[in-house]
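Data first, discussion second: the structure below is written as structure tokens.
The values are calculated or read from the model by the stated rules, or taken from the named source; none is laboratory data. Quick caveat: nothing in here was measured; it's all calculated off a predicted structure. A quick note on method: Cβ atoms are made from the backbone with ideal geometry, for glycine too, and the neighbour counts reach across all protein chains shown. Heads up: the accessible areas ignore ligands, DNA and RNA and are worked out on the full protein's heavy atoms, side chains in. Shrake-Rupley method; radii C 1.70, N 1.55, O 1.52, S 1.80 Å.
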Amino acid sequence: MIQIKPLVSVGIPTYNRPEGLRRTLHCITTQTYPNLEIIVSDNCSENEEVAKVINEFSKKDKRIIGIRQKENIGAASNFMFVLSKATCEYFMWAADDDSWEGFYIEELVREFKNNKAIIAVNFEAQYTDQTGNKFQFFPEGKPFYSFESSSQIDRLKHLLRFNYGNLVYSLYKTNILKKHNIIFVQNEIPFLLQIASQGNWKVLPKIGFYKKTNEI
């Protein structure tokens, strides 16, 4: 049997959210695009159920690489850790409180194949409450549907004018993330500016994933 090298690395940083992690792993492992490397980093969760969820899924899906940190390294460092372990041409972060349509990765990979001008691509996100009920959709990513520029300054100005936080959860060319000392902190803007300085970002005009809002 011919072994196909994974093309997409999915990094899942997780901490103390076993049910969210279960949903995330279900969404990612059932994607229509199967050619994946799935890296899960447990940030030293106190909740023992997190390890149980990782073990449950990794036993039945050999694409999953489960790692437990010996101590809590902080959220930003855990995000960067899963990136450091990625070996594939494309990379995406998957948060342990989000969910995705089954076509998500397949269609983003197709967009990369069809559009050589982009270095990162995503779908629109729709927000939900804590029980999964969807709020009214509004197209935050619209300014990135068709904007392209060869000017670094124009790309940075565009991003600052139309900052869209969910761009963080795009599919990227991995070498773009790894060839520079990317700064990843709690505020997403410095990270987004670093990526936009290197090339064009695109958002596809369709809902592809769902963001759970925090309780007030």
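For this structure, a couple of remarks:
- Rounded to the nearest whole Hz, the Karplus-based 3J(HN,Hα) values (6.51 cos²θ - 1.76 cosθ + 1.60, θ = phi - 60°) of the stretch 76-85 follow the sequence 4, 5, 5, 4, 5, 4, 5, 5, 4, 8, with x at glycine and proline.
- Hypothetical label at N133: residues of the stretch 178-216 whose amide nitrogen lies under 14 Å (7 Å Cα-Cβ projection): 213
- Remark: the E188-N16 segment gains 59.7 nm on full extension, using 0.36 nm per residue and subtracting the alpha carbon distance.
- Only beta bridges with both residues in the chain are counted; by DSSP, about 25 percent of them are antiparallel.
- Accessible surface of T30 - all protein chains present, 1.4 Å probe, nearest 10 Å²: 80
- The stretch between H180 and F147 holds 9.5 nm of extra length on full extension. This uses 0.36 nm per residue minus the Cα-Cα distance.
- Sequence ranges 90-102, 74-86, ranked by mean other-Cβ count within 10 angstrom, highest first: 90-102, 74-86
- The C-alpha atoms of the stretch 37-80 occupy a region whose extents along the principal axes are 29, 23, 12 Å, arranged from largest to smallest.
- Computed on the chain, with alpha-carbon pairs under 8 angstrom and 6+ residues apart, the relative contact order is 25 percent.
- Portion, in percent, of the accessible area of the chain that falls on carbon or sulfur, probe 1.4 Å: 52
- Size of charge dipole - the stretch 69-216 - debye, nearest 20, with Cβ of Lys, Arg +1 and Asp, Glu -1, no other charges: 540
- Over 23 Å (Cα to Cα) - which of K113/K206; K173/K206; K85/K134; K116/K212; K113/K202 fall in this group: K85/K134; K116/K212
- Each peptide in 178-187, 135-144, 8-17 gets a packing score, the mean of other Cβ atoms within 10 Å over its residues, and the list from highest to lowest is 8-17, 135-144, 178-187.
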